[in-house]
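Report on one structure; see the data block that follows.
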């Protein structure tokens with residue numbers, strides 16, 4: 001009866017507890033062979049990485065390949081090789097996962113481009129494709145953004161990408177960046193964005 005009055009749900013409580021578990025703890029458990037920890041790691045990073053990947057691909061590429069499946073495959077393959085991955089510092093896992101996903105997607109797109117009869121596109125048509133980022137702010141601004149992002153320190157870069165491109169909550173960002181609280185992650189993100197704008201220069205409005 002008390003569960004009914006309080007709206008209690010043991011499964012929901014368990015999910016909340018698992019969501020609160022740190023990424024570092026899940027990585028250690030997955031390295032020890034815990035399949036449930038592996039599943040939680042994939043679930044935690046899958047949606048943000050899908051969002052980030054779609055934001056980097058031109059329209060033709062998003063149409064030509066099933067990015068959702070590619071991202072999931074890349075995540076599973078990466079997490080299954082955790083013993084061979086050295087994670088140094090906050091945000092390092094996020095950066096490693098992004099690179100693994102990007103490499104997987106690029107490999108698949110190269111295969112598609114080598115089969116023009118299936119894509120129906122010439123090389124010139126492929127080159128003209130723009131990513132959602134470029135479409136939103138323009139190619140020149142996107143290039144300056146990328147250059148400014150590369151000039152930031154690793155922690156600032158991960159804060160910007162995690163919040164702006166991947167849409168992590170401040171709670172998730174605090175875990176990924178090793179910050180003690182969501183508020184600390186929010187402040188770190190704000191400082192990183194200020195540095196990013198400065199790096200992009202006076203043309204930013």
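Per-structure values
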quantity: Residue that is surrounded by the fewest Cβ atoms within 10 Å (Cβ to Cβ) [pool: residues in the stretch 89-108 that are modelled with pLDDT of 70 or more and more than 16 Å from the chain's Cα centre (by Cα)]; calculated: 107
quantity: Every residue from the stretch 138-157 that is modelled with pLDDT under 85 and touching a helix residue (DSSP H, G or I) at 6+ places or on another chain (Cβ under 7 Å); calculated: 142
quantity: When residues of the stretch 166-185 are limited to those that are assigned to a helix (DSSP H, G or I) and surrounded by 17 or more Cβ atoms within 10 Å (Cβ to Cβ), the one modelled with the lowest pLDDT; calculated: 176
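The values are calculated or read from the model by the stated rules, or taken from the named source; none is laboratory data. Treat the numbers as computed from the prediction; the structure is a model and nothing was measured. Heads up, the Cβs are rebuilt from the backbone with ideal geometry, glycines too, and the neighbour counts pull from every protein chain shown.
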